1. Using a simple charge model, +1 on the beta-carbon of Lys and Arg, -1 on the beta-carbon of Asp and Glu, nothing else, what dipole does chain A show about its Cα centre, in debye to the nearest 20?
2. Past the 30 Å Cα-Cα mark, which pairs from A:K78/B:K57; A:K102/B:K83; A:K78/B:K78; A:K78/B:K83; A:K69/B:K78?
3. So what is Rg over Rh here for chain A, counting just Cα atoms and using Kirkwood for Rh?
4. Fewest Cβ neighbours within 10 Å first, please rank A:D85, B:D71 accordingly.
5. On a straight-distance basis, which aspartates and glutamates could pair with A:K49 in a cross-link, Cα separation under 20 angstrom, same-chain partners fewer than 8 positions away excluded?
6. Round to the nearest 0.05 the FRET efficiency obtained for A:N61 and B:E18 when R0 = 35 Å and r is the Cβ-Cβ distance.
7. For chain A, calculate the relative contact order in percent as a whole number, restricting contacts to Cα pairs under 8 Å that are 6 or more residues apart.
8. Given the Cα-Cα distance of B:N28 and B:R80 and 0.36 nm per residue of separation, how much length would full extension add, in nm?
Amino acid sequence: AQSVTQLGSHVSVSEGALVLLRCNYSSSVPPYLFWYVQYPNQGLQLLLKYTSAATLVKGINGFEAEFKKSETSFHLTKPSAHMSDAAEYFCAVSGGNTGFQKLVFGTGTRLLVSP
Amino acid sequence: EPEVTQTPSHQVTQMGQEVILRCVPISNHLYFYWYRQILGQKVEFLVSFYNNEISEKSEIFDDQFSVERPDGSNFTLKIRSTKLEDSAMYFCASQGQGYEQYFGPGTRLTVT
């Protein structure tokens, strides 16, 4: 079984500051990990994914995440926040090595960016 | 760029009525999913569908729910007799040969 914990339901940063959104996972099999972003009244857009290749994964919009097996973490970072980054971010895990698996989502973190 | 589409964007129905939510997955994708998100809560898995049959379903997906791929392009979720607690945003997702799932914009279902 898989589960995801996202620490912090809300994270506030200033424009230009570092963004760090935390995600810890639990999985009984080697996990595949994903970050999705949801803008208000929109669907989920894939930011990046980890599927057992490079542990540092780069995604869209300048985001990246690092898979750390020893810490069971997959934190999302961006060096410099932009106002347009304000959204809800979801970390998700699947036991992906069998081709297709359901995604198990965390509770989400709302990123607030102030000028 | 191919995308998943869903109709309607918003559906209002009375308790006890049947609703059908429609999705058009990306055309060469093989795996299909429904998820739901109750307002303010996390996204929850409902059901996965492959090769014209259900692969996995959650405990939420009881006998009131059904899925179908009637014509090789559409993928539908039917709720036979809606309850107030079915009010949520319903997302369809499709997956190709890669491991990522692509989500549609969602259907907001309001049961009154």
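1. Numbers: 8 positive and 6 negative charges, 49 e Å.
Once rounded to the nearest 20, the dipole reads 240 debye.
2. Values: A:K78/B:K57 35 Å; A:K102/B:K83 25 Å; A:K78/B:K78 40 Å; A:K78/B:K83 42 Å; A:K69/B:K78 40 Å.
As for pairs spanning more than 30 Å Cα to Cα, those are A:K78/B:K57; A:K78/B:K78; A:K78/B:K83; A:K69/B:K78.
3. On the way: Rg = 13.5 Å, Rh = 14.1 Å.
Computed over Cα atoms, the ratio is 0.96.
4. Details: A:D85 19, B:D71 8.
Ranking A:D85, B:D71 by Cβ neighbours within 10 Å, fewest first, gives B:D71, A:D85.
5. Output for A:K49: A:E64, A:E66, A:E71, A:D85, A:E88, B:E1, B:E3, B:E44, B:E100.
6. On the way: r = 40 Å, r/R0 = 1.15.
E between A:N61 and B:E18, to the nearest 0.05, is 0.30.
7. Details: 292 pairs, mean separation 43.4, N = 115.
Once divided by the residue count of chain A, the mean separation gives 38 percent.
8. Details: separation 52, 0.36 × 52 = 18.72 nm, distance 2.94 nm.
Contour length minus the Cα-Cα distance gives 15.8 nm.
Laboratory data are not the source of any read-out in this text; all were calculated from the coordinates shown. What you see is a predicted model, and the numbers here were worked out from it, not measured in a lab. Counting neighbours? That spans all protein chains shown, and the Cβs are built from the backbone with ideal geometry, glycine included.
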